[in-house]
1. Considering only PRO233, MET162, ALA191, whose Cα is most displaced toward the positive end of the charge dipole of segment 136-254, charges sitting on Cβ of Lys, Arg (+1) and Asp, Glu (-1)?
2. Could you order the peptides 224-230, 126-132 from most to least packed, using the average number of other C-beta atoms within 10 Å per residue?
3. Heavy atoms only, probe 1.4 Å: what % of the accessible area of segment 136-222 goes to carbon and sulfur, would you let me know?
4. Dividing the Cα convex hull volume of segment 55-172 by residue count, how many Å³ per residue is that?
5. Limiting things to C-alpha atoms, what are the Rg and the maximum Cα-Cα separation (Dmax) for the chain, in angstroms?
6. Above 26 Å lies some portion of the pair distances; for segment 130-254, what is it as a whole percent of all C-alpha pairs?
7. With +1 on each Lys and Arg Cβ and -1 on each Asp and Glu Cβ, and nothing else charged, work out how big the dipole of segment 51-185 is about its Cα centre, in Debye to the nearest 20.
8. Could you size up the charge dipole of the chain around its Cα centre, putting +1 on the beta carbon of Lys and Arg and -1 on that of Asp and Glu, and report it in debye to the nearest 20?
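The values are calculated or read from the model by the stated rules, or taken from the named source; none is laboratory data. Nothing here was measured: the structure is a model prediction, and the numbers come from that model. Reconstructed Cβ throughout: ideal geometry from the backbone, glycine too, with neighbour counts over all protein chains shown. To get the accessible areas, we keep the full protein, side chains included, count just its heavy atoms, and leave off ligands, DNA and RNA. Shrake-Rupley method; radii C 1.70, N 1.55, O 1.52, S 1.80 Å.
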Amino acid sequence: MPFNSHSPRQSFNAGRKHFAVLLDPDNLTEASCLNLIALSETHPVDFFFVGGSLITSQNQAGIIALLKKHSNVPVILFPSSSQHIDTQADGILLLSLISGRNAEFLIGHHVISAPILKASQLQVYPTGYMLVDTGRQTTASYMSGTTPIPYDKPAIAACTAMAGELLGLRYIYLDGGSGAMKPVSAEMIAAVREAVELPIIIGGGIDTAGKAAAALEAGADLIVIGNHIEKNPGFLAEVSSLVASYNVALDVHR
């Protein structure tokens, strides 16, 4: 289903680019959250993703409440388990960890979550989630007990994404994880882009405008930035400008 008022084919297949800021409740204070909200008013953000692989604080509900009160940017949950569902949000990435073989993250948590989500007003986005080895073990791979896709094996990523598409998932998310030493490679993104027609989300290790541009050029429809924004809030302006420039170029060539 769409992240906005358009159908996924209309909005993504038209070639438009998007970006999301991933907010980890464990790493945010009220002040830093409000600062990011203020920045997003000047430098547009398409989505706020909220969540993480391991949430140890009780900040998530408060962060979502702040976002909903002070911003019109859609708030999408990025959960690691059924315990992190919050119906204040606008939607949820229902992540099926198709790169791993742990049944709990393929379907187990989803079974527990299903009646809660069905009864809620949350927009559900069925997403094939693929962890990619980007140089160090991540919290996501450790907590899920799964092995990420090797960095230099784009064919494995392409076939995994293809399987997700055939199973009926509607989005593909390749993630290098928090603190990735390098981003998902352009070669892997391009291979997945060639293999599926679904919108592709790329996250992890995007900490320069050049890396963001490389992901977009290779075929990413939505890029996700997280840790680096917390260290350098000005990076949000760089990515916002970059994404806007891609969309202006698209409009010119129509």
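1. PRO233
2. Numbers: 224-230: 20.1, 126-132: 24.6.
Averaged packing, sorted descending, gives the order 126-132, 224-230.
3. With neighbouring chains kept in place, the figure for segment 136-222 is 57 percent.
4. Values: hull volume 14.3 nm³, N = 118.
Each residue corresponds to 121 Å³ of Cα convex hull volume.
5. Calculated on Cα positions, Rg and Dmax stand at 16.8, 47 Å.
6. Numbers: 1572 of 7750 pairs.
Pairs farther apart than 26 Å: 20 percent.
7. Working: 8 positive and 7 negative charges, 25 e Å.
Here the size comes out at about 120 debye.
8. Details: 15 positive and 21 negative charges, 58 e Å.
With only Lys, Arg, Asp and Glu charged at Cβ, the dipole is about 280 debye.
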